[in-house]
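A short worksheet on the structure shown next.
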Amino acid sequence: MVRDGYWYAIGLLIVAAVVRFFSAGWFASWLLVLIPVLLAAFFLWFFRDPDRAIPVGPGLVVSPADGKVTEVAPIHTADGDRIRLSIFLSVFDVHVNRAPIAGVIRRIQYKKGEFLNALDPASAERNEQSVVTMEGDGCIVTFKLIAGLLARRIVFVPKEGDRLERGARVGLIKFGSRCDLVLPGDAHIRVERGQRVKGGATVLADVEVPYEDAASTKNAVETRR
């Protein structure tokens, strides 16, 4: 459970208690109390943070979020050809975000913006977002945590220079939102549009890893075992 869920739930339960205390009539008071109690239960469920089995192996890129893949498309950037993979998170999905690869955070860029529907392709550029660039396994991967129509706050805990393991928890986007992943142009994509994915557990793609990095990854895995 993400700590925020407890605070939302406690606040709503206090509201329910106050309403019950000042309401006249048994039926009316309990009917009014039911609304904040149900909302408290929803927030406890929404901020769930389940453990995940993280795939092991060199060059694997896991999903940074739970949700549905809405786009897999080649794009052109100033750094060359890339592949953009977009994931839409509804209010029913787990909203804890995870690191897609093992590596070092090279840059974190926060951009203020609008709150368009996360299903709108324009939201990838125009909405409020945090853009995180990581380097690991011999490649550079960028993922964007994008606010949606309901999402009004993006929480990202690590800082530039931090080293993360694949699938490590990094933060969350509150309520419906979107997560974009920009991969090298030669990445081998393992998912397709419309497929549902789980943060930290679903392999989205794999990239070719230089021999030295592959050997280091293998040694690290054997050490952890």
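Considering only the stretch 30-42, state which residues are closer than 23 Å to Gly5 by Cα and either more than 21 Å from the chain's Cα centre (by Cα) or not in a helix (DSSP H, G or I) (or both).
Leu32, Val33, Leu34, Ile35, Pro36, Val37, Leu38, Leu39, Ala40, Ala41 - these are the residues of the stretch 30-42 that are closer than 23 Å to Gly5 by Cα and either more than 21 Å from the chain's Cα centre (by Cα) or not in a helix (DSSP H, G or I) (or both).
Check off (1) open to solvent by 90 Å² or more (accessible area, probe 1.4 Å); (2) in contact with a strand residue (DSSP E or B) (Cβ under 7 Å, 6 or more places away or on another chain) for Ile14 and give me the number that stays unchecked.
Going through (1) open to solvent by 90 Å² or more (accessible area, probe 1.4 Å); (2) in contact with a strand residue (DSSP E or B) (Cβ under 7 Å, 6 or more places away or on another chain) one by one, Ile14 breaks only (2).
Do you know which of the residues in the stretch 123-138 that are part of a strand (DSSP E or B) and crowded, with 22+ Cβ neighbours inside 10 Å is modelled with the lowest pLDDT?
That would be Asn127.
I'd like to know if the stretch 149-170 contains one or more residues that are within 19 Å of Ser86 (Cβ to Cβ), at pLDDT 85 or above and buried (at least 22 other Cβ atoms within 10 Å of the Cβ).
Yes, the stretch 149-170 has at least one match.
Could you name every one of the strands (runs of 3 or more DSSP E) located completely within the stretch 43-91 that has at least 3 residues being over 11 Å from Thr202 (Cα atoms) and either modelled with pLDDT under 90 or open to solvent by 40 Å² or more (accessible area, probe 1.4 Å) (or both)?
Counting at least 3 such residues, we get 67-77, 80-89.
Can you tell me which residue in the stretch 93-115 is least open to solvent (accessible area, probe 1.4 Å), limited to those that are in contact with a Leu (Cβ under 7 Å, 6 or more places away or on another chain) and modelled with pLDDT under 90?
My answer is His95.
Only one of these conditions is not met by Leu181: (1) crowded, with 20+ Cβ neighbours inside 10 Å; (2) closer than 15 Å to Gly57 by Cα. Which number is it?
Of (1) crowded, with 20+ Cβ neighbours inside 10 Å; (2) closer than 15 Å to Gly57 by Cα, only one is false for Leu181: (2).
Across the stretch 29-42, which residue is most open to solvent (accessible area, probe 1.4 Å) among those that are without any contact (Cβ under 8 Å) to a residue 24 or more places away in the chain and β-branched (Val, Ile, Thr)?
So the residue we want is Ile35.
The values are calculated or read from the model by the stated rules, or taken from the named source; none is laboratory data. Every value quoted in this text rests on a predicted model; they were computed, and no experiment measured them. Quick reminder, even Gly has a Cβ in these numbers, built from the backbone with ideal geometry, and neighbours come from all protein chains shown. What goes into the accessible areas is simple: the full protein's heavy atoms, side chains included, and nothing from ligands, DNA or RNA. Shrake-Rupley method; radii C 1.70, N 1.55, O 1.52, S 1.80 Å.
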